[in-house]
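Input: a single structure, listed below in structure tokens.
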Amino acid sequence: MIRVSWISIYCDALQFFFSLQHNAKVAVLGASGGIGQPLSLLLKNSPLVSELSLYDIAHTPGVAADLSHIETRATVTGYMGADQLGAALKGCDVVVIPAGVPRKPGMTRDDLFNTNATIVATLADACVTRVYKVMKKHGVYNPNSVFGVTTLDIVRANAFVSELKGLDPARVNVPVVGGHAGKTIIPLISQCTPKVEFPTNQLSALTGRIQEAGTEVVKAKAGAGSATLSMAYAGARFTFSLLDAMNGKEGVVECAFVRSEETECKYFSTPLLLGKNGIEKNLGLGKLSAFEEKLVAEAMDELKGSIKKGEDFVANMK
């Protein structure tokens, strides 16, 4: 039975639509952009990907031609313009959407909501159109297969902790829960592997840096855009984890923003055990320190407001 799912997360999060299959054809919607190009390069370099379908409103044939010269397994095809979107999605197992407008200095993610939500909604609508008949036939829609990707927050937390402690970042894992904006980003340093400890003032500063890391990049680029390379890496990491789980690998865990009953919010990011059909188990928040409990409590109102804004946007879509 084919399993199909989709999400719609705005700003510099990524969107994933996937069905269960061992030979992965992956589409990147927004493939010519600042995130789309390095993301496509990382996907092209993966043995998990057999076909790469690239879509954007401009320049995609050139990006596809460039990538097609790389000596790796995946074949690459470029599609350009709304009339080719359906063809770009045909037969895809994973669809990644890095399309959207980047932040500029002084802007928040919320400032871009209407613009980027509209872009994502248009692309999501095309994906739903492609899979609707399959969903209706098999009755396969399942909230356990719907993910909002927050992997960049985990990637940043791992990098910053390893930098402070002199550790190999490849061996550091910091769960990050909550949402994907400002104080809703909650790094659980107490649950870091390997175990680390920081004085109170350093812990507070580290948490603040993780929460505002996106703004750090926006300021450093001085108006030239927001995080692209690290976002592409994070998107590729999540894609590879999904493909591993879909292919039967056990013990695959990633944090993601999902329909949840772990807190009073309808949606909340927590560590998830992934499997062939999506979420096998929500691992929840685990044991929190007093500092982390306070962060969770303080994030609730903002997170609820963001969720309501997203729900209202969808309800009012024409």
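Counting the residues of segment 177-191 that are of a type outside the set (A, V, I, L, M) and either touching a Cys at 6+ places or on another chain (Cβ under 7 Å) or part of a loop (DSSP other than H, G, I, E, B) (or both) gives 2. Somewhere in segment 12-28, is a residue within 21 Å of residue 243 (Cβ to Cβ), open to solvent by 30 Å² or more (accessible area, probe 1.4 Å), at pLDDT below 95 and in a strand (DSSP E or B)? The answer is yes, given that some residue of segment 12-28 is within 21 Å of residue 243 (Cβ to Cβ), open to solvent by 30 Å² or more (accessible area, probe 1.4 Å), at pLDDT below 95 and in a strand (DSSP E or B). Out of curiosity, is residue 69 modelled with pLDDT of 95 or more and surrounded by fewer than 22 Cβ atoms within 10 Å (Cβ to Cβ)? For residue 69, the condition - modelled with pLDDT of 95 or more and surrounded by fewer than 22 Cβ atoms within 10 Å (Cβ to Cβ) - is met. Among the residues of segment 247-260, is there at least one that is closer than 30 Å to residue 105 by Cα, open to solvent by less than 20 Å² (accessible area, probe 1.4 Å) and among the polar types (S, T, N, Q)? No, every residue in segment 247-260 fails to be closer than 30 Å to residue 105 by Cα, open to solvent by less than 20 Å² (accessible area, probe 1.4 Å) and among the polar types (S, T, N, Q). Per the listing 219, 304, the residue uniquely open to solvent by 60 Å² or more (accessible area, probe 1.4 Å), touching a residue at least 12 places away in the same chain (Cβ under 8 Å) and in contact with an Asp or Glu (Cβ under 9 Å, 6 or more places away or on another chain) is 304.
Please pick out the residue among 72, 77 that is assigned to a loop (DSSP other than H, G, I, E, B), farther than 10 Å from residue 40 by Cβ and among the polar types (S, T, N, Q).
On the way: 77 fails: assigned to a loop (DSSP other than H, G, I, E, B).
Only one candidate qualifies: 72.
The residue list 185, 154 contains one member that is open to solvent by less than 30 Å² (accessible area, probe 1.4 Å) and closer than 18 Å to residue 297 by Cα, which is 185. Out of 88, 64, one residue alone is open to solvent by less than 70 Å² (accessible area, probe 1.4 Å) and more than 13 Å from residue 29 (Cβ to Cβ). It is 64.
Residues of segment 36-47 being aliphatic (A, V, I, L, M) and open to solvent by less than 20 Å² (accessible area, probe 1.4 Å), which ones? Scanning segment 36-47 gives 39, 43.
The values are calculated or read from the model by the stated rules, or taken from the named source; none is laboratory data. The structure displayed is predicted, hence computed values, not measured ones. Cβ: placed from backbone, ideal geometry, glycine included. Neighbour counts: every protein chain shown. For accessibility, only protein heavy atoms count, side chains too; no ligands or nucleic acids. Shrake-Rupley method; radii C 1.70, N 1.55, O 1.52, S 1.80 Å.
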